[in-house]
């Protein structure tokens with residue numbers, strides 16, 4: 001795994017962005033450009049090669065294409081494909097592409113002057129070549145916000161688009177470090193299995209007792225482990241996953257009703273969903289949907 005690292009005191013420069021949508025058979029053109037390209041797949045799978053390595057980018061996964069490296073589609077997409085993309089430059093003259101081992105060494109060696117940009121109190125860009133969104137999927141929402149702002153700014157580079165881009169990159173960096181910390185904390189394997197099960201089955205009815213039985217834990221012990229390693233109770237964690245899925249559906253072009261979204265995301269009671277949504281987001285689902293309606297779509 002490779003990472004792009006740079007000081008956030010040198011803001012990234014926005015170039016262009018959009019949303020590619022294909023009904024099938026999309027093959028990325030072969031090219032070598034002088035800019036970074038960040039891709040977030042929303043639907044389907046993108047098959048792409050970077051520097052001689054084939055990479056499959058699935059739904060809710062990101063890919064960072066590096067400057068001055070050849071990339072191209074190595075196979076056409078099957079079925080529907082949708083992904084967000086943004087081109088940008090890093091302005092930090094000391095920005096680097098480093099390995100996972102180098103990153104971990106920087107973080108462990110407190111005497112290393114290169115550590116300072118990566119310390120918890122510092123703000124830095126630490127962008128993985130590939131990754132998966134966190135359960136909150138904040139990066140997805142910030143990507144939608146960037147696309148919306150760019151369209152309203154007529155796709156011209158502006159302070160709004162630049163700030164929106166940098167907020168997205170910092171959030172992605174934060175999610176990357178957060179996932180690393182979970183691995184470093186060495187959460188029990190059974191707990192990781194439960195977390196993965198919740199993420200895959202959030203649309204189904206679930207109780208603490210049922211989850212505890214799956215891993216042969218006492219419900220109270222499972223609750224304490226969840227709180228220790230995720231910061232959430234079991235029920236709060238499940239609701240966070242469901243609300244994140246609901247926010248993503250509200251941002252997508254397919255116009256599902258609020259009631260349909262609630263049931264799709266595992267909320268049997270629409271009124272409870274709306275009450276919980278407003279409590280967390282400070283607005284209704286309908287107001288949230290209206291906030292980010294515009295974005296560029298490249299149909300292929």
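The values are calculated or read from the model by the stated rules, or taken from the named source; none is laboratory data. Everything numeric here is computed off the predicted structure, so don't read it as measured data. Positions of Cβ are generated from backbone atoms using ideal geometry, with glycine treated the same way; all protein chains shown enter the neighbour counts.
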Condition check for residue 217: crowded, with 17+ Cβ neighbours inside 10 Å and at pLDDT 90 or above: yes
Among (1) part of a strand (DSSP E or B); (2) over 28 Å from residue 252 (Cα atoms), the one test that residue 82 misses: (2)
Answer residue from segment 24-46, given it is under 30 Å from residue 250 (Cβ atoms) and out of contact with any strand residue (DSSP E or B) (no Cβ under 6 Å at 6 or more places or on another chain) and is modelled with the lowest pLDDT among those: 24
Output for segment 20-50, where each listed residue is surrounded by fewer than 16 Cβ atoms within 10 Å (Cβ to Cβ) and closer than 19 Å to residue 89 by Cα: 31, 32, 33, 34
